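Working notes for the structure below.
Just so it is clear, none of the values below were taken in a lab; they were calculated from the coordinates. None of the values given here were measured: they were computed from a predicted structure. Cβ sites come from the backbone with ideal geometry, for glycine too, and all protein chains shown count toward neighbours.
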């Protein structure tokens, strides 16, 4: 079977993009900018730059595999209230972003384009950037943190690799077949976490049913110092803000402030 057909099948099983927005920045009264950025392979992706008053730093937020940036506005709100601007970006095919995901590296190209936009267009130094990855988004931010010296790296509900996730959620598929099917979508966090050049905070629910908590523990163990593991008792994959309450924002912000030159 041609690889492009395999990839088309796999993308339909991994990525669940939504085009419609549930909410918009004006619903929250944010100061914001509508942004379109072109990637290195010519795809135009969309995002919202949400400006905080008396900005302490800038958060680049890369979301998980379902929905779009509109479903993360409530998460951004907590950071804005604490003095951090937020750049929410949709991967290609999500929201108003163009294109189609055909390879795992497409996600990386989108992340790099968003990072460059902050650096070049907004003149934000990497030393004032916080990279925030949610689930799927943990892989591109780990990669970016291995390339640039940013202020901090935050991983929410991370995974070791998609191959390991597949072995759990699709246990009936033989291992050799999983290796073949996910050859272009391995997203091997566990292989690159030791290369990061930034302070790391991982927040993970100890009852995560999608990306097991032990994966977060293994990533934490392999990552270089300084690092903090914020375990959320009874937290699952999608309820961390509700379970952790204000600590969902307070703990990461406290960590960031220790490593950000304000």
Q.
Within a 10 angstrom radius of the beta carbon, how do 108, 129, 215 rank from fewest other beta carbons to most?
A. 108, 215, 129
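How high is the relative contact order of the chain, in percent, counting Cα pairs under 8 Å that sit 6 or more residues apart? Could you put the intermediate results ahead of the total?
Working: 525 pairs, mean separation 41.9, N = 262.
Reported relative contact order: 16 percent.
Quote to one decimal, in nm, the extra length available between residue 197 and residue 38 on full extension: 0.36 nm per residue of separation minus the C-alpha distance between them.
On the way: separation 159, 0.36 × 159 = 57.24 nm, distance 2.63 nm.
Difference between extended and current length: 54.6 nm.
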Q. If each residue's Cβ is checked for other Cβ atoms within 10 Å, how do 120, 86 rank with the fewest at the top?
A. 120, 86
(Q) For the chain, set up a GNM with springs between Cα atoms under 10 Å and report which of 111, 152, 242 has the largest fluctuation. (A) 242
Q. For the stretch 22-63, what are the per-bin percents of Cα-Cα distances with bins 10 Å wide, up to the bin holding the maximum?
A. 22, 50, 25, 3
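Can you give the percent of C-alpha pairs in the stretch 78-119 whose distance is more than 16 Å?
On the way: 385 of 861 pairs.
Considering the stretch 78-119, 45 percent of its Cα-Cα pairs are separated by more than 16 Å.
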(Q) Given points 7 Å out from each Cα along the Cα-Cβ axis, report the residue 81 to residue 100 separation in nanometres with one decimal. (A) 4.2
Q | Virtual spin-label span in nm between residue 239 and residue 167, 7 Å along Cα→Cβ | A | 2.9
Q) What order do you get for 127, 93 when you list them from fewest to most C-beta neighbours inside 10 Å? A) 127, 93
Q. Using the scaling law 2.2 N^0.38 Å as the reference, what is the normalised Cα Rg of the stretch 218-262?
A. 1.31
**Q.** Among 40, 85, 97, residue whose mean-square fluctuation peaks in a GNM of the chain (springs only between Cα atoms under 10 Å)
**A.** 40
Q) So, in nm, how far is label residue 19 from label residue 257 when the simple model puts each one 7 Å beyond its Cα toward the Cβ? A) 4.4
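Semi-axes, largest first, in whole Å: what does sqrt of 5 times each Cα gyration tensor eigenvalue give for the stretch 40-168? Numbers along the way, then the final one.
Numbers: eigenvalues 98, 53, 45 Å².
The equivalent ellipsoid of the stretch 40-168 has semi-axes of 22, 16, 15 Å.
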Q: From the C-alpha gyration tensor of the stretch 178-262, pull out the three semi-axes of the equivalent ellipsoid (sqrt of 5λ each), sorted largest to smallest, in whole Å.
A: 24, 19, 10
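Restricting to Cα atoms and excluding each atom paired with itself, what does the Kirkwood estimate give for the chain in Å? Working shown, then result.
Working: mean 1/r = 0.0542 Å⁻¹.
Its Kirkwood hydrodynamic radius stands at 18.4 Å.
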Q) Of 105, 225, 54, which has the largest mean-square fluctuation in a 10 Å C-alpha GNM of the chain? A) 54
